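This report refers to the structure that appears directly beneath it.
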Amino acid sequence: MAPSKPIALNLATIVHRLLTNARGWEVQDLCDELEIADRTYRKYRQLLQEEFLPLIRRGKGLVQEVQDGSTRYLRLVEPSPNGEEVAGVLNRLTAHHLARQVLDFMGQPEGRSALDEAFETFWSRTRTGKRFPILGRIQRDLNRLFHFVPDAPKDYSAHDEILAIVLESLVRSQQLRMVYESAAQGAKEHTIEPLTLAMYRSGLHLFGRYAGHKRVYNFVVDRIAEAEILDVAFDYPSTSAYNPERFTQSSFGIYFQDRAGGRGKTSVELVFANKRWLKLYLQERRWAAGQEFRELKDGRLRMTFSTPSMVEVWPWIRRFGADVEVVSPVQVASRRRN
């Protein structure tokens with residue numbers, strides 16, 4: 001049986017039918033409507049699978065013949081996603097969810113709305129929900145799959161205006177005038193160059209310096225009583241001149257110690273009891289930069305590290321009670337034994 005219509009028209013008819021009918025087109029009905037033989041149908045199918053680029057992904061044609069019971073259908077079949085694609089989308093989902101939680105914590109509904117809008121654009125453009133059904137389910141249940149438990153979180157609902165001003169001055173690199181409540185000086189006006197907004201133990205900290213100075217100070221955001229952006233721009237320091245990691249290298253806290261004064265780091269050596277749960281608990285975590293563990297002959301665990309300050313290290317050590325022995329700092333350890 002010879003085709004009664006041009007090949008291009010028949011191919012266009014087939015593509016249109018497949019795009020508008022998720023179930024596809026029954027092969028026998030296709031041949032009858034287009035008035036073609038089964039051999040001609042197979043030629044059309046091969047052309048669509050191998051040469052029609054809009055319906056070819058990762059070298060494989062989306063047009064496939066599938067068997068549904070005793071009936072053959074020509075159908076559009078999305079390829080199974082490879083591991084890299086799934087991992088990539090899953091990483092975006094997770095990052096988006098964590099960013100939303102941070103913005104919620106900071107009391108920034110506008111920022112969260114903008115983030116959600118950007119993510120929805122990505123989701124719709126990639127047709128992710130249709131291509132990867134399992135990821136669509138993950139997106140729907142993100143709030144239950146990933147749960148953020150803050151550590152005694154501070155309430156910033158009453159600081160949203162001040163926080164918005166701080167954020168704007170930070171991203172615009174403009175000086176910030178603020179009235180700051182400190183324990184030592186009470187309420188005092190400061191004009192600073194904001195450098196970093198950091199989150200530590202569910203609280204927000206602003207790292208900043210005074211104009212013309214290199215030393216960086218730590219300001220607790222919820223102690224800012226008033227804030228105003230000044231029409232004075234400043235050059236954000238280079239990476240070599242400033243890196244906030246300098247003040248957060250230890251997991252025990254944020255430190256703004258004036259190292260020019262000659263104070264260095266304190267070497268700490270601790271020996272923990274021979275208890276399996278305790279040794280697992282300690283070695284599974286990063287407590288301080290450069291920490292090292294060594295199991296002693298009697299089964300106890302030796303831990304060494306250096307820290308710029310012992311202020312928050314001592315409370316951490318005391319948590320372990322009789323299960324820890326302080327070897328150094330020697331002088332402090334001697335006082336504890338007396």
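How would you rank Val63, Val77, going from fewest to most other Cβ atoms within 10 Å of each one's own Cβ? It would help to have the intermediate numbers written out before the result.
Numbers: Val63 22, Val77 15.
Going from least to most buried by this count: Val77, Val63.
Aspartates and glutamates near Lys154 by alpha-carbon distance under 17 Å, same-chain residues fewer than 8 away left out - which ones?
Once the sequence-local aspartates and glutamates are set aside, what remains near Lys154 is Asp104, Glu181, Asp222.
Which shape class, rounded, prolate or oblate, goes with region 160-245 when its Cα gyration tensor gives a ≥ b ≥ c as root eigenvalues, a/c under 1.5 marks rounded, and past that a/b bigger than b/c marks prolate?
rounded
Exposure proxy check: Ser182, Ser238 ranked by fewest other beta carbons within 10 Å?
Numbers: Ser182 12, Ser238 8.
Fewest to most other Cβ atoms nearby, the residues stand as Ser238, Ser182.
Among the trypsin sites (Lys or Arg not before Pro) in region 160-240, which ones are in a DSSP loop with at most 16 other Cβ atoms within 10 Å of the Cβ? Mind listing them? Before the final figure, lay out the partial values.
Numbers: sites: Arg172, Arg177, Lys188, Arg201, Arg209, Lys214, Arg215, Arg223; in loops: Arg201, Lys214, Arg215.
Listed in order of number, the matching sites are Arg201, Lys214, Arg215.
Projected onto the charge dipole of region 7-76 (+1 at Lys/Arg Cβ, -1 at Asp/Glu Cβ, origin at the Cα centre), which of Trp25, Leu55, Asn10 gives the Cα projection farthest towards the positive end?
Result: Leu55, furthest along the dipole toward the positive end.
What order do you get for Val179, Val268 when you list them from fewest to most C-beta neighbours inside 10 Å?
Values: Val179 14, Val268 22.
Fewest-to-most ranking of Val179, Val268: Val179, Val268.
Under a point-charge model restricted to the Cβ atoms of Lys and Arg (+1) and Asp and Glu (-1), what is the dipole moment magnitude of region 261-337 relative to its Cα centre, in debye to the nearest 20?
About 100 debye.
Any read-out appearing in this document is the output of simple, stated calculations on the displayed coordinates, not a laboratory observation. Small disclaimer: the values here were computed from a predicted structure and weren't measured. As a convention, Cβ positions derive from the backbone with ideal geometry for all residues, glycine included, and neighbour counts pool all protein chains shown.
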